[in-house]
Amino acid sequence: MYQLTINNLTEQEFLSEYWQKKPLLIKQGFVDFVDPLDANELAGLAMEESIESRIITNQDNDWQAYHGPFEDFDLLKEQHSTLLVQAVDHWHPAAAQLLEPFRFIPNWRIDDLMISFSTPAGGVGPHLDQYDVFIIQGEGKRHWRVGMPDSNLKQFAQNKSLLQVEQFPAVIDCILEPGDILYIPPGCPHEGYAVENALNYSIGFRAPNQRDLLSNFADHIIDKEAGNSRYQDPDIMLRESKGEIQTSEAENIKQLMQAMLNDDALFKTWLGTTLSQPKHEMDLMPPEDLFDSEQVAELLMDDEIIFERLGGTRALYQVFENEILLSVNGENYHLLVSDLAAVKLLTDHTEVTAEQLNSSKNSLVFVQTFTTLLNEGIWFC
């Protein structure tokens, strides 16, 4: 397990002073850092069709981007080249452990672990991200520059899949060594180039925008066949102009739409579904012989058994007055309030023992739900 040290700051001090405010260089955030994989293993992942990967080259300032899967790595030159692989936490359990020290940020905000391998002078150029990111230096060294947000900075496309930003003044200019970490808030321009062959681990955080949220909510309304109330105007009056939409009418339409957001049950079931939806494919391997509820009840009686959660799983919950809504990878499950301790364990930790789940082993609803999750391969033992 990796142990994170944020300079001389507590986690709360970091959140109060730096989170979404200003970048921070964390020297030796991971002391004696050991890479969970090497460049060859990363290349192996980039050969898989179900895993998103890219190679970016910048020879003589000619920026090119190529999308995987890759059959070979002739594009990855001895200099000016970078291989990037998304959502490695979904496919590589040892690498997924890098997420754990950062879970002082709520789970629903954590997106995925991207890993890159760069040859000397390789990078993706100066750019902006609209989300928070921690960048961990693994093998090798990398030179980083980070600036503060500047609305006047111009962005431009080097090609269809590579958006960059013009040069910027840096508030951090440093060479990262193994175990060093950069925290970069949204909107801060940054660029990094390998000094020597280098591995970097980027932990990104979800930051959905209004457009995506509203579009997703509209889809949920359609799926649930909700939103059937129609506009009404029983007190309509004659008016001088037939073409005008009056302010009161516009307000009534807004309230009709707002009523959907105010439907607490509809909103929260949507919220659980959308925030727990994985962005990338999962490495699901359901058991060959499916469990039934009686077998799972017996497993929960065996204090020696450890249940592990599949890498990349997004497990969240909301507490209502009379029930708990557990949301796992885009699916909702209704549980009893008395199952809260077990739900917390499943959503807060990647491993949990049968003994820890003891409080809910006699809950039929919990056992049935957990049976479903085991049979889908989301938890396994």
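The values are calculated or read from the model by the stated rules, or taken from the named source; none is laboratory data. Keep in mind that what you see is a predicted model, and the values were worked out from it rather than measured. For neighbour counting, all protein chains shown are included, and Cβ atoms are generated from backbone atoms with ideal geometry for every residue, glycine included. Surface accessibility is based on the protein's heavy atoms, side chains included, excluding ligands, DNA and RNA. Shrake-Rupley method; radii C 1.70, N 1.55, O 1.52, S 1.80 Å.
Write down the Å³ per residue value for the convex hull defined by the alpha carbon atoms of the stretch 229-324.
222
Counting other Cβ atoms within 10 Å, which GluC sites (Glu not before Pro) in the stretch 197-253 have at most 15 and lie in a DSSP loop?
Sites meeting the loop and neighbour criteria: Glu225, Glu240, Glu244.
Quick one: net charge around Ile203, please, counting Lys, Arg +1 and Asp, Glu -1 for every other residue with C-beta under 13 Å from its C-beta.
-3
Run the numbers for Asp348 and Leu256: contour at 0.36 nm per residue of separation, minus the present Cα-Cα distance, in nm.
In short, 29.3 nm is gained.
Measuring with a 1.4 Å probe in the full set of protein chains, what accessible area per residue, in whole Å², belongs to the chain?
53
How big is the stretch 75-184 on each of its three principal axes, counting only the C-alpha atoms and giving the largest first in Å?
Per principal axis, max minus min of the Cα coordinates gives 38, 35, 29 Å.
What relative contact order, as a whole-number percentage, does the chain give when Cα pairs under 8 Å and 6 or more residues apart are counted?
Value for the chain: 16 percent.
Consider just the alpha-carbon atoms of the stretch 19-120 and return their Rg together with their Dmax, both in angstrom.
15.4, 42
Would you mind telling me the share, in percent, of accessible area of the stretch 230-314 contributed by carbon and sulfur at probe 1.4 angstrom?
So the carbon and sulfur contribution to the accessible surface is 52 percent.
Tell me, in nm to one decimal, what length is gained between Tyr131 and Leu15 on full extension, where the rule is 0.36 nm per residue of separation less the Cα-Cα distance?
So the extension gain works out to 40.3 nm.
Quick one: which residues, 5 or more positions from Gly330 or on another chain, have an amide H under 5 Å from its amide H? H modelled 1.01 Å from N in the peptide plane, none for Pro or chain starts.
Under 5 Å from the amide H of Gly330 lie the amide H atoms of Ser276, Gln277, each far enough along the sequence or on another chain.
So how much slack lies between Asn107 and Gln232, counting 0.36 nm per residue of separation and subtracting their Cα-Cα distance, in nm?
40.8 nm
Tell me the carbon and sulfur percent of the accessible area for the stretch 340-381, rounded to whole percent, probe radius 1.4 Å.
49
Taking every pair of distinct Cα atoms and averaging 1/r, then inverting, what Kirkwood hydrodynamic radius in Å comes out for the chain?
So the Kirkwood estimate lands at 23.6 Å.
Using DSSP to call loops (not H, G, I, E or B), can you name the GluC sites (Glu not before Pro) in the stretch 49-106 whose Cβ has at most 11 other Cβ atoms within 10 angstrom?
Qualifying residues, ordered by number: Glu49, Glu71, Glu78.
At 1.4 Å probe size, with no ligands or nucleic acids counted, give the accessible surface of Ser16 in Å², nearest ten.
For Ser16, the solvent-accessible surface is approximately 70 Å².
FRET efficiency for Ile245 and Leu213, Cβ-Cβ distance as r, R0 = 22 Å, nearest 0.05?
Calculated transfer efficiency: 0.25.
How large is the helix-only mean residue ellipticity at 222 nm for the chain, computed as the sum of -39500 (n - 2.57) over DSSP H runs with n ≥ 4, divided by its residue count, in deg cm²/dmol to the nearest 500?
Theoretical 222 nm ellipticity from helices: -7000 deg cm²/dmol.
The stretch 310-371: which GluC sites (Glu not before Pro) are DSSP loop and have at most 16 other beta-carbon atoms within 10 angstrom?
Taking the stretch 310-371 and a limit of 16 other Cβ atoms within 10 Å, the loop GluC sites (Glu not before Pro) found are Glu321, Glu323, Glu355.
Using a simple spin-label model with points 7 Å from Cα along the Cα→Cβ vector, what separation in nm is obtained for Gln28 and Asn152?
Result for the modelled spin labels: 4.1 nm.
Can you compute log10 of I(q)/I(0) for the stretch 271-378 with the Debye formula, treating each Cα as one identical point scatterer, at q = 0.15 Å⁻¹?
At q = 0.15 Å⁻¹ the computed log10 ratios are -0.59.
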